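Right, one structure below, let's go through it.
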Amino acid sequence: MPLTKEDAVLPLLAELSAAPGTPILLADGSSSDGIFLPFLLGPLTFAGIYIGIYRFYRNTDKRHRYERETKVAVGNLQQDDRRTGRKTGQRSRSMDGRNDTDHLTRVRRLRVQ
Amino acid sequence: MTLPPEEPRDAHEPRPAEPAGSGGPVPPAPQEPAPPREDSGNRFIDTSSGRDDGLNKCPRCGSTEIEYALGAKALVCSHCRHTWNEQNAEKLFGLDSSIAELQGHTLASGTADVREDLTMVTLKCQGCGAEVVINAEQSVQARCHWCRQTLSLNTQIPNGAVPDALLPFQLTREDAIARIEEFAGRRRTFAQRRFKEEFVPENVMGVYIPYLVVDGNMHAVLTGDGEVTTREYTVTVGSGDNKRQETRYDADVYSVQRAFDLLVDDLTVESAERFDARDNSAATNNILNAVQPYDVENAVVYNSHYLKNFTSERRDLNVRDVDHLVEEKFLSIARAKVQPTVRRYDRGVRWTGEGVAVRGTRWVSVYVPVWLYSYAESASGDSLVHYIAVNARTGTTMGSIPVSHPRIFAAACAGGTIAGIVGLVVGLLGFFA
Ligand SMILES: [Zn+2]
Ligand SMILES: [Zn+2]
C-alpha cells in the first residue's frame with residue numbers, strides 16, 4: 001500500500017501531457033524562437049507536478065462518459081457534403097474552431113421537424 | 001429499455017446539391033410530426049403493482065419480516081427462510097418494447113411529480129389497523145410501532161417518492177471496504193493529515209441513489225463545415241539568420257450536413273438534488289456520477305424490503321427539472337455518434353448547428369446501489385464533503401481525497417527547481433555555444 005512519491009508522480013506527468021492546457025503552454029514557449037524554452041522548464045515542471053497531483057487526488061475531471069457509454073442505435077443516415085471553397089497557405093494542420101471531438105459544448109440550436 | 005435488433009441502415013444517396021450558400025435551411029427530416037410536449041399527450045405505465053395497502057409480504061407465509069441478504073443476493077423471509085427476488089422491471093412493465101416505436105412521452109408512475117405538500121404520509125397498518133405517520137422526506141419505509149409490521153409507501157402515484165425499480169446490491173461491504181482502502185492507500189502521500197488520521201473505511205454506507213432513466217426516439221440534424229487537406233508543402237520564411245523552413249497546408253472546404261435517426265437506451269440522470277453532478281459546491285458529486293454506468297436493464301420491481309439496512313435518498317427532481325439536461329445529453333450523444341461519418345475531413349469539422357426532434361421518450365425512476373465513504377474536509381459545518389464511491393454492481397471505484405496544499409507545493413517546488421537548474425544549464429550552453 002505505501003507507495004513512494006515517484007510512483008505517484010510519474011504517471012501523473014504522463015497524464016498531464018495529455019491535458020488540454022499543456023500544449024498551449026509549450027506552444028507559447030516555442031513561439032519565442034525556442035531559445036527561452038530551457039528557462040521555462042522549471043515553472044512548467046512546477047505547474048505540471050502541482051496540477052497532476054491535485055488531479056490524481058481530487059478527480060475533479062472525472063465523470064460518466066455518457067455520450068460514449070450509453071447504448072444507442074443510429075439509422076437512416078443522410079449525408080450532404082458540398083465543396084464550398086478552398087484555403088491555401090494555412091499554417092495549422094487543423095482547421096479553425098474545429099469541434100468534432102468536443103461533444104459537450106453546445107452550438108446554435110436548430111429547429112428540427 | 002431495449003434497442004430493436006435492426007442496427008444502422010445504410011446511408012441514403014447524397015441529396016442533390018442545394019442552391020449555393022452554406023448554412024441554408026435544414027432539410028426536412030423523414031416525415032413524422034414531432035408529438036406535442038404537453039402533459040396531455042403523456043402516457044403512463046402503472047408500476048404500483050396494486051400494492052396500495054403499503055405492505056410487502058412474504059409470498060409464502062405472509063410475514064413482513066423480510067431483509068435483503070447480500071450473501072444470497074435475494075430477499076429472505078426471516079420467518080420461513082423463503083428466498084426470492086422481485087421480477088425484472090423491464091419485462092414486467094413492458095419497458096423492453098422497441099424504442100423506435102416510442103411516440104410522445106411515456107412515464108412510469110414512479111416518475112410522477114414529487115409532491116412537496118405530501119412529505120408526511122399516514123399509512124393504515126394492515127396488520128393491526130393502527131394509523132402510522134411516516135416522513136417520506138427521510139424514508140420510504142417505516143414500522144408500525146404497535147405490531148412491528150413493516151409498512152411502505154407503495155402508493156406511488158400520490159407523491160412520486162417511491163421508485164419504479166431498483167438494482168439490488170451485488171458487491172459485499174467487505175469488498176467495498178477493500179476497494180476504498182486501496183483507492184485511498186494509493187493517495188496517502190499528499191493527503192490532508194487529518195484525513196489520514198480519521199480515515200475509517202469501515203464507515204462506508206450502502207446508499208440507494210435515485211436516478212431517472214430515459215429512453216429516447218429522435219431525429220438529429222447537424223450542420224457545419226469541414227476541411228480536407230489537398231497539399232502539404234514547406235516554405236522558406238524570414239531572411240538572413242532568421243531564415244527557416246515552415247510547413248503550409250492547402251485545403252478544400254466543404255459544407256457538411258448529417259441527419260439521422262437516433263435511439264438512446266437507458267440514459268441516466270441524477271434525480272436527487274443533493275447528488276446532482278452539475279453541482280459540486282457542497283460535495284464531490286462528480287464522483288458518484290463517475291462510477292456509472294449501471295446495468296439498469298437488470299433492475300427489479302421496487303420492493304421496500306430491499307432498502308432495509310441501507311440508506312436511501314428520496315428523489316426530489318421531477319422529469320421537467322431534468323428535461324433540458326436530457327435534451328442536451330441527446331445532442332452530445334448525436335455529436336459523438338456522427339464522428340465516424342466525418343473521418344474524411346482530416347483538418348476537422350466545425351459544427352455550427354445542431355438539433356434533435358424528440359419523437360418519443362420513456363421515463364423510469366430507478367434506485368441504484370452505491371457503497372459510499374464520505375468525509376467533510378474541515379470540521380466546520382459548510383465544508384466540502386469528499387466522497388469515495390463504489391458502484392455496488394460493477395465495483396467501479398472513484399473518489400476525492402482532501403489534499404494538503406503545502407505538501408504538493410513543496411513537491412512541485414522541488415521538481416521545478418531541479419528542472420529549472422537543468423534548463424538553466426542547457427539554456428546557457430545554448431547561448432554561449
Ligand atoms: Zn415467509
Ligand atoms: Zn400494526
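The values are calculated or read from the model by the stated rules, or taken from the named source; none is laboratory data. Model, not experiment: these values are computed from the prediction. Cβ sites come from the backbone with ideal geometry, for glycine too, and all protein chains shown count toward neighbours.
Would you check which residues across segment B:61-85 are charged (D, E, K, R) and modelled with pLDDT under 90 and list them?
Of everything in segment B:61-85, those that are charged (D, E, K, R) and modelled with pLDDT under 90 turn out to be B:65, B:67.
Would you check if there is a residue in segment B:359-372 being modelled with pLDDT of 95 or more and within 12 Å of chain A (Cβ to nearest Cβ)?
yes
Which residues, counting only those in segment B:391-430, are touching a Ser or Thr at 6+ places or on another chain (Cβ under 7 Å) and modelled with pLDDT under 95?
B:415, B:416, B:419
Among (1) surrounded by 15 or more Cβ atoms within 10 Å (Cβ to Cβ); (2) over 24 Å from the mean Cα position of the chain (by Cα), which single condition is residue A:83 missing?
All conditions pass for residue A:83, except number (1).
Out of everything in segment B:313-359 that is part of a loop (DSSP other than H, G, I, E, B) and more than 19 Å from the chain's Cα centre (by Cα), what residue ends up being surrounded by the most Cβ atoms within 10 Å (Cβ to Cβ)? If you could, list the steps in order and put the result at the bottom.
Within segment B:313-359, the subset part of a loop (DSSP other than H, G, I, E, B) is B:313-318, B:343-348.
Of the ones still in play, those that are also more than 19 Å from the chain's Cα centre (by Cα) are B:343-348.
Values: B:343: 9, B:344: 11, B:345: 24, B:346: 15, B:347: 21, B:348: 21.
The extreme case among them is B:345.
In segment B:70-108, how many are without any contact (Cβ under 8 Å) to a residue 60 or more places away in the chain and among the aromatic types (Phe, Trp, Tyr)?
1
Could you pull out the residue among B:213, B:235 that is of a type in the set (Val, Ile, Thr) and within 30 Å of residue B:270 (Cβ to Cβ)?
Unique residue meeting the criteria: B:213.
Is it the case, given these coordinates, that residue B:294 is farther than 21 Å from residue B:321 by Cα, modelled with pLDDT of 85 or more, surrounded by 20 or more Cβ atoms within 10 Å (Cβ to Cβ) and more than 10 Å from chain A (Cβ to nearest Cβ)?
no
For the condition out of contact with any helix residue (DSSP H, G or I) (no Cβ under 7 Å at 6 or more places or on another chain), at pLDDT below 90 and within 16 Å of ligand 2 (Cβ to nearest atom), what is the one hit in B:131, B:116, B:101?
Going through B:131, B:116, B:101 in turn, just one is out of contact with any helix residue (DSSP H, G or I) (no Cβ under 7 Å at 6 or more places or on another chain), at pLDDT below 90 and within 16 Å of ligand 2 (Cβ to nearest atom): B:131.
Take the residues of segment B:61-85 that are surrounded by 15 or more Cβ atoms within 10 Å (Cβ to Cβ) and among the hydroxyl-bearing types (Ser, Thr, Tyr): which is farthest from ligand 2 (Cβ to nearest atom)?
Among those that are surrounded by 15 or more Cβ atoms within 10 Å (Cβ to Cβ) and among the hydroxyl-bearing types (Ser, Thr, Tyr), it is B:68.
In segment A:10-30, is there at least one residue being under 16 Å from residue B:339 (Cα atoms) and either of a type outside the set (A, V, I, L, M) or modelled with pLDDT of 75 or more (or both)?
no
Based on what the data block shows, is residue B:258 basic (Lys, Arg), crowded, with 17+ Cβ neighbours inside 10 Å and in a loop (DSSP other than H, G, I, E, B)?
Judged against the criteria, residue B:258 is not a match.
Taking the condition of being out of contact with any Phe, Trp or Tyr (no Cβ under 8 Å at 6 or more places or on another chain) and over 14 Å from residue B:182 (Cβ atoms), how many residues in segment B:379-407 meet it?
Here the count works out to 8.
Which count do you get for residues in segment B:403-433 that are outside any helix (DSSP H, G or I), touching a helix residue (DSSP H, G or I) at 6+ places or on another chain (Cβ under 9 Å) and more than 8 Å from chain A (Cβ to nearest Cβ)?
Of the residues in segment B:403-433, 1 are outside any helix (DSSP H, G or I), touching a helix residue (DSSP H, G or I) at 6+ places or on another chain (Cβ under 9 Å) and more than 8 Å from chain A (Cβ to nearest Cβ).
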